[in-house]
Amino acid sequence: MGDHYFSAHPSAPEQLRRIRVSLADRDVEVTTAGGVFSPDHVDSGTRVLLSNTPEPPAGGDFLDLGAGWGPISLSLAMLSPRARIWAVDVNERALDLVRRNADELGLDNVNAVLPEDVPDGISFRTIWSNPPIRVGKAVLHELMETWLPRLAERSDAYLVVQRNLGSDSLHRWLDAALDDRFSVHRHATAKGFRVLRVRRHGSPATGAVEIA
């Protein structure tokens, strides 16, 4: 794959920078750097996700899969201050930025960690993710098979994927790969992106998710 934002230790110069962004209806200043995803702004896919996803639960464990410098994790932490946010990434530089930004914004409910550092027993009340599509289908599918089964019962994951990078094929694959405890629907479409909603049903089964 070469050196990219999904490298564990990017070789690109760090080049720390400060940018102003709007997260959870707050104008804030954050630190980003070279060698992480979208260092100059909140990327279009993440903006679509944040604009088209319902308010998260009030508490519980939440997962931001592929956190980057932290726009999703920081938003979740501000929206649900009683929740515990797991900001997961393989890029150590990105995780350092999430920690720095959470600390500067006074958000003490964000844990920025490597995938292997999330305790096995935790299940998630919600998962929000702009997944790293460019890692390739095999790695992407492994990520989905690893993390989506960790949704708590009666909980939802929201995944934003660009249409021309395979959102519909991912939707079909999820339908086939996940067992009947799950359902997958297109939740929203905007600016060339799809937001997919993956629900883990409970026992007895919850009702079907309405199709947007």
Label-zone membership for the range 126-156, site residue 173, 7 angstrom Cα→C-beta point, backbone N under 20 Å: 127-151
Subtract the Cα-Cα distance of residue 20 and residue 181 from 0.36 nm times their separation in residues, and report this length gain in nm to one decimal. 53.9 nm
Give the relative contact order (percent, whole number) for the range 54-212; include only Cα pairs under 8 Å separated by 6+ residues. 18
Residues with amide H under 5 Å of residue 126's amide H, sequence separation 5 or more or different chain, H placed in the peptide plane at 1.01 Å from N; which? 63
About the Cα centre of the range 1-152, what is the dipole size in debye to 20, counting +1 per Lys and Arg Cβ and -1 per Asp and Glu Cβ, all else neutral? 300
Extension length gain for residue 203 and residue 117 (0.36 nm per residue less Cα distance), in nm, is 28.0 nm
The range 56-131, accessible surface, carbon-and-sulfur percent (1.4 angstrom probe): 44
With a 1.4 Å probe and all protein chains left in place, how much accessible area per residue does the range 55-212 have, in Å²? 44
What value, in deg cm²/dmol to 500, does the helix sum -39500 (n - 2.57) over DSSP H runs of n ≥ 4 give at 222 nm once divided by the residues of the chain? -7500 deg cm²/dmol
Is the range 1-155 rounded, prolate or oblate when judged by the Cα gyration tensor, a ≥ b ≥ c being the square roots of its eigenvalues, rounded requiring a/c under 1.5 and prolate requiring a/b larger than b/c? oblate
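Which net charge results when you count Lys and Arg as +1 and Asp and Glu as -1 among the other residues whose beta-carbon is under 14 Å from that of residue 133?
Details: positive: 134, 137, 163, 194; negative: 43, 142, 168.
Around residue 133, the charge tally is +1.
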Can you compute the FRET efficiency between residue 44 and residue 92 using 1/(1 + (r/R0)^6), with r the Cβ-Cβ distance and R0 = 22 Å? Round to the nearest 0.05. 0.30
Excluding residue 48 itself, calculate the net charge of residues whose Cβ lies under 10 Å from the Cβ of residue 48, where each Lys or Arg counts +1 and each Asp or Glu counts -1. +2
Using the alpha-carbon centroid of each, what span in Å lies between the range 23-43 and the range 64-100? 11
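The values are calculated or read from the model by the stated rules, or taken from the named source; none is laboratory data. Please read all numbers here as calculations on a predicted model, not as lab measurements. Cβ atoms come from the backbone with ideal geometry, glycine included; neighbour counts cover every protein chain shown. For accessibility, only protein heavy atoms count, side chains too; no ligands or nucleic acids. Shrake-Rupley method; radii C 1.70, N 1.55, O 1.52, S 1.80 Å.
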